[in-house]
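No value in this document is a laboratory result; all are computed from the given coordinates. As the structure is a prediction and not an experimental result, all values here were calculated from the model. Glycine also receives a Cβ, built like all others from the backbone with ideal geometry; neighbour counts cover every protein chain displayed.
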Amino acid sequence: MEFVRKGILVLLLGLLALLIPGTLIKSVNPALIVPNFLLILLVFLAFYRGEPGDAVLAFLLGLEQDLGSLNLLGPWAGAYIVVFGVLALLSRRIFIESRLVIFVTVYAATLAADFLYLGMLALVYEAEVVSSASLSTALWEGFLSALFAPLLFPLLRRWLVGDRREKQSRLSRGIAVRRDGGGLV
Amino acid sequence: MAAVYQHTTKTSLTVGVLFCAALLLCAYTKERPAVARLGASWVGEFLRPFQALHGATRHSLLSWWGDYIALLETQRENVRLKTRLAALEAQNSQLLEFKKENVRIRGLLRMAEEAAVEVVVANVIGYDPSNWVQVITIDKGSRDGVRVELPVLERNGVVGHVISCGAGSARVLLLSDRTSGIDAIVQEGRARGVLQGMGRFRARLEYVLEGGQVKVGDRVITSGMDNIFPKGLLLGVVSSVGPKATGALFQEIEVRSSIDFTKLEMVEVLVGVRPREDLD
């Protein structure tokens, strides 16, 4: 029941993540590059939760992104699930609460998701979708997302990560938590 | 350790299955876009009230800023005059806005009459949340007569076409999107090609043979061959013609759209063509 409640919360946050860039930010200037809030949410899920059920949530977040853009379902869902998988598996071994690590991880995850998405789009439409402009857009989007991530993670942790028992259960599975940002087990 | 291994295997398996599901969805919805359209219209309808609320709030705040904050220094001079002046300015600003809107709508209607077409005028209420797709959301949908694949225009030319439609909102793929391709003609030299979006509000004319006479400043119009856009609508102006590469079959032509997409507020959806006598 708790998982369903948090799942619904994640999907609603996903819709909010679609709404903010599409209205608030782009109404100032549609040409602005916007951070990918959905991806920040995804990285958070992979790092702090990483359960198989969360993989389904990552997939649904990708579908939300797909539904918010072209008439094609799957490219974002595919890109997000791959990024989630890699991060969730990494978080089995490494779990670091450093802002710098969050920044670097979100930056790398955004670039990976963007190029996976463009790759899938190129595959489906058999069109040339990657250019030097795509690279610059991806780099800026990654940078902006990475800037926002350390600010949003504490909020997400409050809303989405359960009590100490959950953290304990992660620890019992061999995941170390260090608040100084330097450790791994 | 066994528990960690089991957990990792479970997560990997779930991720693998879901990735395959994503690929299958891609293939399925490419062939049957109606499924994706239905989902997109649900999401669009869910988000529409928030987008409309944001649009109205933004408009009010901008008016408030223009009417009161800009006049703050003047208002300090005289309290009595300040109240009177602010009220008049507010009224004046509103009237000016009405006047501008009137001119804009008159322009749109005149264009519609000249072309003998039926149009639905719509406001832009949202943009695509990602940086990769050039889509706008408008506040008119199926209950206003908007349908999928209808052309969307602005006073100065083609904006794009409707790709999904809910009851009260619709999503429009801009001509500058990478997945957009419009059959086009260069008005002066009559060279044929496809106007392909390049993202970031740019487009280029592709598949124009080397022999085709195209020069900077030429107007590019719709050819009417793609069954979406009627013939003769302005797409843009040739902004550059690339140097001819040795052995190249096609020319490299960049087109600057006639629309300033960053300032798009109102558009018109071309819902049908009427005989001229109906207009009279």
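Some observations on this one:
- Residue list for region A:6-55, restricted to those being in contact with a His (Cβ under 6 Å, 6 or more places away or on another chain) and in a loop (DSSP other than H, G, I, E, B): none
- Residue list for region B:22-34, restricted to those being assigned to a helix (DSSP H, G or I) and more than 7 Å from chain A (Cβ to nearest Cβ): B:Leu24, B:Ala27, B:Tyr28, B:Glu31, B:Ala34
- Residue in region B:155-171 that is closer than 25 Å to A:Glu126 by Cα, of a type in the set (A, V, I, L, M) and not in a strand (DSSP E or B) present: no
- The one condition in (1) closer than 27 Å to B:Gly44 by Cα; (2) assigned to a helix (DSSP H, G or I) that A:Leu87 fails to fulfil: (1)
- Selection status of A:Tyr125, over 19 Å from B:Leu13 (Cα atoms), facing chain B (nearest Cβ under 10 Å), surrounded by fewer than 20 Cβ atoms within 10 Å (Cβ to Cβ) and hydroxyl-bearing (Ser, Thr, Tyr): yes
- Failed item, numbered, when A:Gln65 is tested on (1) over 19 Å from A:Leu155 (Cβ atoms); (2) in contact (Cβ under 8 Å) with a residue 40 or more places away in the chain; (3) more than 8 Å from chain B (Cβ to nearest Cβ): (3)
- Residue within region A:22-34 that is facing chain B (nearest Cβ under 9 Å) and buried (at least 24 other Cβ atoms within 10 Å of the Cβ) present: yes
- Some residue of region A:43-53 being in contact with a Leu (Cβ under 7 Å, 6 or more places away or on another chain), within 7 Å of chain B (Cβ to nearest Cβ) and farther than 17 Å from A:Asp114 by Cα: no
- Residue match in region A:73-84 (condition: at negative phi, within 8 Å of chain B (Cβ to nearest Cβ), within 10 Å of the chain's Cα centre (by Cα) and surrounded by 18 or more Cβ atoms within 10 Å (Cβ to Cβ)): yes
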